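Q: Pasting in a structure now, in structure tokens, and then I'll have a few things to ask.
Derivation of every value follows stated rules applied to the coordinates shown; laboratory data play no part. The model shown is predicted, which means the values in this text are computed figures rather than measured ones. With ideal geometry, Cβ positions are generated from the backbone for all residues, glycine too; neighbour counts draw on all protein chains shown.
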């Protein structure tokens with residue numbers, strides 16, 4: 001809703017748009033901002049009230065490129081975090097290739113899975129990591145030099161990131177640059 005509201009505000013700010021919209025736009029935006037802040041506070045309180053969830057969030061947030069949104073999504077959408085291998089987690093998150101042996105995509109391999117919203121957040125974290133995390137940057141640069149498409153680079157980075165996330169959550173150790 002907030003994204004839609006902000007898009008409408010931008011549309012009204014175009015030259016020639018009526019000034020009447022300025023006062024109309026600010027009230028709903030402020031209300032949505034308050035609701036979002038309230039939800040974020042409630043989610044933060046729920047995580048911090050449970051020792052295991054708080055520890056898991058701390059481990060996840062120690063990884064360069066993972067902030068409150070990604071760690072919260074991982075905790076909410078992947079309660080299995082740290083209880084399986086990284087390969088199993090990557091498959092659950094839809095980051096492993098699926099072969100199409102018939103139909104319109106015959107012979108092609110694509111990614112798919114049940115946890116699409118989580119996959120989108122993981123992609124964003126992987127994109128950030130390929131710029132901030134020195135090891136991930138080297139990994140992404142190597143794939144770029146090999147001529148891999150951008151989506152393949154991000155998907156492989158996300159898969160590598162998921163393996164790291166789950167290994168650290170399993171060992172309950174925080175990330176350090178030497179961990180990767």
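Q: Mind ranking 33-40, 46-53, 151-158 by how tightly packed they are, going by the mean number of other C-beta atoms within 10 angstrom, highest first?
A: 151-158, 46-53, 33-40
Q: Determine, at each q value in 0.17, 0.22, 0.26, 0.33 (inverse angstroms), the log₁₀ of I(q)/I(0) that the Debye formula gives when each Cα of the range 133-180 is one equal point scatterer.
A: -0.53, -0.77, -0.94, -1.20
Q: OK, next. Say each of residue 5 and residue 49 gets a label point 7 Å from the Cα, pointing the same way as Cα to Cβ; how far apart are those two points in nm?
A: Going by the 7 Å Cα→Cβ label model, 2.6 nm.
Q: How far, in nm, would the chain grow between residue 31 and residue 69 when pulled straight, counting 0.36 nm per residue and subtracting the alpha carbon separation?
A: The residue 31-residue 69 span can extend by a further 11.6 nm.
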